[in-house]
Each structure stands twice: as C-alpha cells, then as structure tokens.
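Here the structure is laid out as structure tokens; the discussion comes afterwards.
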Amino acid sequence: MSVKKIAILFSGEGSNLENLIKKLHKKDFNDFTVEVALAITNNPNANGIKRALKFGINPIIIDHRDFKTREEFDKRVVLEINKRGCVLSVLAGFMRILTPIFTQNIKALNIHPSILPLFKGANAIKRSFQSDMKVAGVTVHTVTDELDGGEILAQECFNKEGMDFASFEEKIHKIEHEIYPKTVIDFLKTL
Ligand code: GRF
C-alpha cells in the first residue's frame, strides 16, 4: 500500500481542515493511504491550529508579515511542502493571494463557497446570500494563477429561497464538508 502525502493550508476557523483530517488522515483508499504530512497557516491566531493539534498534527506557522514580498512568502511555503514530499496541497480557507512561485510549482485544490465563476474573491458567502439569485452553492477547483479560477472539479448547488443567513451559512459548510474530502480522494487517485 503506497502513502500519498498531502498538505493542508488554512488561515482561520479550520472547520474544513478538521473535517479533512478526520476523513482522510491515515485512512486507506483501495491502493493508497493518505497522510496529512503538513498543515500550514499564515495566521498565528488561527483557530484551526487547535483543531489540528487534537489529531496530533502540529501546524507550522509561516506568518506572511515576516516576508517583504508575496513571492518570498510563497517560496518558503513551497519549500516546506516539497521538503515533506506532499503530492497535493489542499487549500482550506487559506486567505492569501498566491503568486506563480506557488501556482507553477505546487499542485493544489481550493474550495470556494459560491457557484464559480460567480462571486470570486473575499466575502463570497455574504455576497452570494445577498444576491437576488435563487440558488447558491460550493465549488472545488484546481489552483492556478487566476484567483478562484482553475478547472472546476466539483460543484453543488441548493435553492436558497426563504433561508436566513445563519441557515444559509450552515448549509454551505455542510456541503463543503461533504464534497471536499471526496474530491480530494478522486483527485489523488489520478496522481
Ligand atoms: C470556507 O467557506 C471555504 O469555502 C472558504 O473559506 C472558508 C473556510 O472555512 N475558502 P473554515 O476555516 O474551513 O471553517
């Protein structure tokens, strides 16, 4: 049985990080085992740090404020990922704009809380909720130079009519927690 190592990058709450660790770390999928070999955060106060520690994973903190440029920050992140032999990086609420230093050297997936290509960028949950569209959803895509661009690998929508913001947000996260681990596994099978 081969081991496929992944890295998870996060900045905040870390609910996707925790869900991915729970469902994937040290789990067997037919002919390979997944190992979350690395968790990285740019935010020393990220709640996800505590969530990862519960599973014995000690995230490394690479504070973007310690770097003069985005490129220097990305170089350090790429170095840590490659040092551990991770075949895939999974962005889980990682709130940094990535440069080609990252995107051209690292195979990565991202999850975005909208039906891409709509509502790219920050505050997507709020903007999608406030729009007059009748549906909303979640997208998993490959990471490229274009923010929230890349190939769409999975997408799920729901009807948002009559929902208040709390139930809307809850629904978004529920879908995220279902589709992200599944899509990561499907993608790892192709590597
Ligand atoms: C999620 O809504 C994800 O789609 C977006 O950032 C949020 C992260 O939430 N990219 P959490 O930190 O995983 O709870």
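Residue-by-condition table, conditions (1) of a type outside the set (A, V, I, L, M); (2) more than 30 Å from residue 33 (Cβ to Cβ); (3) in contact with a strand residue (DSSP E or B) (Cβ under 7 Å, 6 or more places away or on another chain):
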position	(1), (2), (3)
77	no, no, yes
81	no, no, yes
90	no, no, yes
98	no, no, no
103	yes, no, no
106	no, no, yes
119	yes, yes, no
162	yes, yes, no
166	no, yes, no
When the stretch 87-145 is checked residue by residue, the ones that are surrounded by fewer than 21 Cβ atoms within 10 Å (Cβ to Cβ), away from the ligand (no atom under 11 Å from the Cβ) and among the small types (Gly, Ala, Ser) are 131
List every residue pair whose Cβ atoms sit under 7 Å apart, with the two residues 6 or more apart in sequence or on different chains, where the first one lies in the stretch 115-138 and is in contact (Cβ under 8 Å) with a residue 60 or more places away in the chain and the second, anywhere, is away from the ligand (no atom under 11 Å from the Cβ) and not charged (D, E, K, R). none
Of all residues in the stretch 161-175, how many are within 13 Å of the ligand (Cβ to nearest atom) and touching a residue at least 12 places away in the same chain (Cβ under 8 Å)? 6
Every pair of residues 6+ apart whose Cβ atoms lie under 8 Å, when the first sits in the stretch 176-191 and is over 21 Å from residue 114 (Cβ atoms) while the second is among the hydrophobic types (A, V, I, L, M, F, W, C) and in a helix (DSSP H, G or I): 185/24
Please count how many residues of the stretch 31-86 are open to solvent by 10 Å² or more (accessible area, probe 1.4 Å) and hydroxyl-bearing (Ser, Thr, Tyr). 2
Before we move on, is residue 149 within 18 Å of residue 9 (Cβ to Cβ), open to solvent by less than 10 Å² (accessible area, probe 1.4 Å) and part of a loop (DSSP other than H, G, I, E, B)? yes
Limited to the stretch 168-177, what total is found for residues that are open to solvent by 60 Å² or more (accessible area, probe 1.4 Å) and either at positive phi or touching a strand residue (DSSP E or B) at 6+ places or on another chain (Cβ under 8 Å) (or both)? 1
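The values are calculated or read from the model by the stated rules, or taken from the named source; none is laboratory data. These numbers come from a predicted model, not from an experiment. Positions of Cβ are generated from backbone atoms using ideal geometry, with glycine treated the same way; all protein chains shown enter the neighbour counts. The area values use the complete protein model at the heavy-atom level, side chains included, leaving out ligands, DNA and RNA. Shrake-Rupley method; radii C 1.70, N 1.55, O 1.52, S 1.80 Å.
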